[in-house]
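In what follows, a structure is listed as structure tokens, so that the remarks can point back to it.
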Amino acid sequence: MKNYTSYPFRLFLFLVLIGAVHYDFAFAGNSTQSEYLFSERPRTQTLFSSDVRHGGFGSLIYGATGINGEVALLRGTRGAWILNLSPQHAIHLGLAGYRTQPEITAASWPHSDVERPDIRTSYGGFEFEYVNQSFRLVHLGTQLLIGSGTVRYENRNIDLEKTRDDYFVVQPGVNLFLNVTRWFRISGGAYYRYAANVDLDGTSSTDLSGLTGIIGLRFGRF
């Protein structure tokens, strides 16, 4: 039979008891501190969270732009998904399309045996917009369109081999907003359209690039 009263065994029990008491006091003393540390831990930052308030809008666009050295009227439509990240910051992700009306006269016409035609262009693509402090009566935003466009002769029966061309377009701009009601806003913007890879007689990438001024009527849940 084992001798549980021997000195080594009693020493072992004594050390175990001392360790248990020390652990208990240490845990009790640190529990409050641990709870405090976890309660004060900063919230993990994410790109999207349940705090993001979502909305959307549709917009009618009217404006004027420079094409081929002339001023052309511009009409368009927009639609976007709104992500209100905070009361100060919101981003809009959507699509937009613009078209000239009426037609513009072709520039630097090289065909003496063919009457100089009118041309028209339309373009559109993905739009990203940032809006700051949209709760204010008047506020600012910036936007960027990346997409493509088409330029063509108004007379589709013109006696030429090539009557239209597609091009790449980038259009950055700034907007000023006025909150009319909770569901209706008016925007005024100034943009610059960069057109590239235009290959059509009577116009060029430089001719299709130019300043644009717009007025937008936005309806939606902001």
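Just so it is clear, none of the values below were taken in a lab; they were calculated from the coordinates. Everything numeric here is computed off the predicted structure, so don't read it as measured data. Counting neighbours? That spans all protein chains shown, and the Cβs are built from the backbone with ideal geometry, glycine included.
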### Query
Taking 0.36 nm per intervening residue step and subtracting the Cα-Cα distance, what contour gain separates Lys162 from Thr77 on full extension?
27.7 nm
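For Gln88 and Asn155, calculate 0.36 nm times their separation in residues minus their Cα-Cα distance, and state this gained length in nm to one decimal.
Working: separation 67, 0.36 × 67 = 24.12 nm, distance 4.96 nm.
Full extension of this stretch gives 19.2 nm more.
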### Fully extended contour minus Cα-Cα distance, from Thr181 to Thr206, at 0.36 nm per residue
5.0 nm
#### Entry: Hull volume in cubic angstrom per residue (convex hull over the Cα atoms of the stretch 53-221)
92
### Query
So if we plug the beta-carbon distance of Arg116 and Ile146 into 1/(1 + (r/R0)^6) with R0 = 30 Å, what FRET efficiency do we get, rounded to 0.05?
0.40
### Query
Where the only charges are on Cβ atoms (+1 Lys, Arg; -1 Asp, Glu), what is the dipole of the stretch 111-222 about its Cα centre, to the nearest 20 debye?
1020
#### Entry: Computed over the stretch 53-221: relative contact order in percent, which uses C-alpha pairs under 8 Å that are six or more apart
23
